[in-house]
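Structure first, then comments.
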Amino acid sequence: MIEVVRIPALSDNYIWLAHDEASGETIVVDPAVADPVLEAAAARGWTISAIWNTHWHPDHTGGNAAIKAATGCTVIAPAAEAAKIPTADRLVAEGDTVALGGFQAEVIDVPAHTAGHIAYHLPEAAIVFVGDTLFAMGCGRLFEGTAAQMFANMQRLAALPADTTVYCAHEYTQSNGRYALVAEPDNAALVERMAEVDTMRAEGLPTVPTTIALERATNPFMRAASVEELAERRAAKDSFRG
C-alpha cells in the first residue's frame with residue numbers, strides 16, 4: 001500500500017509525499033519548498049529516499065537542493081530538462097521506470113506545458129503524478145509546447161484505468177470549473193461537480209486528487225474532440241476572467 005500525503009505550499013501548490021509501507025521508502029513529488037516536506041516526513045518517522053520532478057519550473061524544483069542536502073536522497077528528473085534541473089542525479093524519459101519500494105512507476109512523456117514534462121504512473125497502485133499537465137477540470141498552459149502535444153497527452157491520460165487517482169500540483173479546480181461550465185454548459189456531471197467544488201472551497205477544503213473517471217466526465221480539455229477544439233478551449237481559458 002502507498003500512502004500519499006498532501007503538503008500545501010506557496011499560494012496554491014501541492015507537494016506530494018508518497019510512502020510505501022512495506023519497504024519504508026518515501027519519495028517527494030515536485031517539492032516547491034523544502035521545510036514543510038521535511039517536517040511532514042519527520043512527523044511520520046519517514047526517511048525520504050528520492051525526489052521525483054515532473055518538470056523544471058521553480059515551483060516544482062525549488063526544494064530539491066535543501067531536501068537533498070538534508071536527506072541524501074536521489075533527485076530524479078526529466079532527461080529533456082537536465083540543463084534546467086542542476087540538482088538531478090538520474091534523468092528519465094518515456095519507457096524508463098522508477099521504483100517506490102515494491103511499486104514500479106512508468107515514466108510517460110507529456111510535453112506541452114514544458115518541453116520535457118513527464119508524468120509518473122504506478123499501475124499497481126492506480127496512481128499517476130501529472131505535475132502541471134492535467135488538472136482537475138483543466139490542463140497546463142502551453143508555455144513550451146503545442147496544442148497537438150497537449151491533445152495527445154489528454155488522450156493518453158484518458159486511456160488510463162478509470163479508477164486511477166490523479167495527483168496534480170495546484171489547487172486550480174474552482175477556476176478551471178468556472179471556465180468548464182462556459183465550455184460545456186449542458187454537461188450535467190460538470191454542473192454537479194462544480195456545486196461540490198464550490199462547497200468544498202467555501203469550507204477551505206482541497207479538491208485534489210481527482211480521478212481519471214471524473215476528468216473523462218467533466219474536463220473540457222480531456223473531452224476535446226480534436227486538436228483544434230483543444231486549442232480553442234486553451235486560448236479561451238487563457239483569457240477567461242469568470
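Here are some notes:
- The Rg/Rh ratio of the chain, with both radii computed over alpha carbons and Rh defined as the Kirkwood radius, is 0.96.
- Computed with a 1.4 Å probe on the full set of protein chains, the accessible area for Glu192 sits at about 110 Å².
- Full extension of the chain between Val227 and Val182 yields a length gain of 14.3 nm, computed as 0.36 nm times the residue separation minus the alpha carbon distance.
- Local electrostatic count at Leu190 - Lys and Arg +1, Asp and Glu -1, tallied over other residues with Cβ under 13 Å: -2
- Computed with a 1.4 Å probe on the full set of protein chains, the accessible area for Glu39 sits at about 120 Å².
- Heavy atoms of the protein chains alone define the surface here; on that basis the chain has 40 Å² accessible area per residue at 1.4 Å probe size.
- Tilt relative to the chain, helix 35-44 - C-alpha long axis, 0 to 90 degrees, to 10: 70
- Computed over segment 48-180, relative contact order equals 18 percent, with contacts defined as Cα pairs under 8 Å that lie 6+ residues apart.
- Given charges at beta-carbon only (K, R positive; D, E negative), |dipole| of segment 13-144 in Debye: 240
- Largest GNM mean-square fluctuation across Met222, Met200, Met150, computed for the chain with C-alpha springs under 10 Å, falls on Met200.
- Neighbourhood charge, 14 Å Cβ-Cβ cut-off, centred on Val107 and excluding it, Lys, Arg +1 and Asp, Glu -1: -3
- Accessible surface of the chain [probe 1.4 Å, protein heavy atoms]: carbon and sulfur percent: 53
- Note on segment 171-213: with charges restricted to the Cβ of Lys and Arg (+1) and Asp and Glu (-1), its dipole about the Cα centre is near 100 debye.
- Counting charges near Ser49 (Lys, Arg +1; Asp, Glu -1) among other residues having Cβ under 10 Å from its Cβ returns a value of -2.
- Estimated distance in nm for a label pair at Arg44 and Gln155, the labels positioned 7 Å out from Cα along Cα-to-Cβ: 3.7
- Measuring with a 1.4 angstrom probe and ignoring ligands and nucleic acids, Ser49 comes out at about 40 Å² accessible.
- For segment 89-242, averaging the sequence separation of C-alpha pairs within contact (under 8 Å, six or more residues apart) and dividing by the residue count gives a relative contact order of 21 percent.
- Lys, Arg +1 and Asp, Glu -1 on Cβ, resulting dipole of segment 80-190 about Cα centre, debye, nearest 20: 220
The values are calculated or read from the model by the stated rules, or taken from the named source; none is laboratory data. A quick note: this is a predicted structure, and the numbers were derived from the prediction, not measured. In this analysis, Cβ positions are derived from the backbone assuming ideal geometry, glycine residues included, and neighbour counts consider all displayed protein chains. Surface areas here come from the heavy atoms of the whole protein model, side chains and all, with no ligands, DNA or RNA. Shrake-Rupley method; radii C 1.70, N 1.55, O 1.52, S 1.80 Å.
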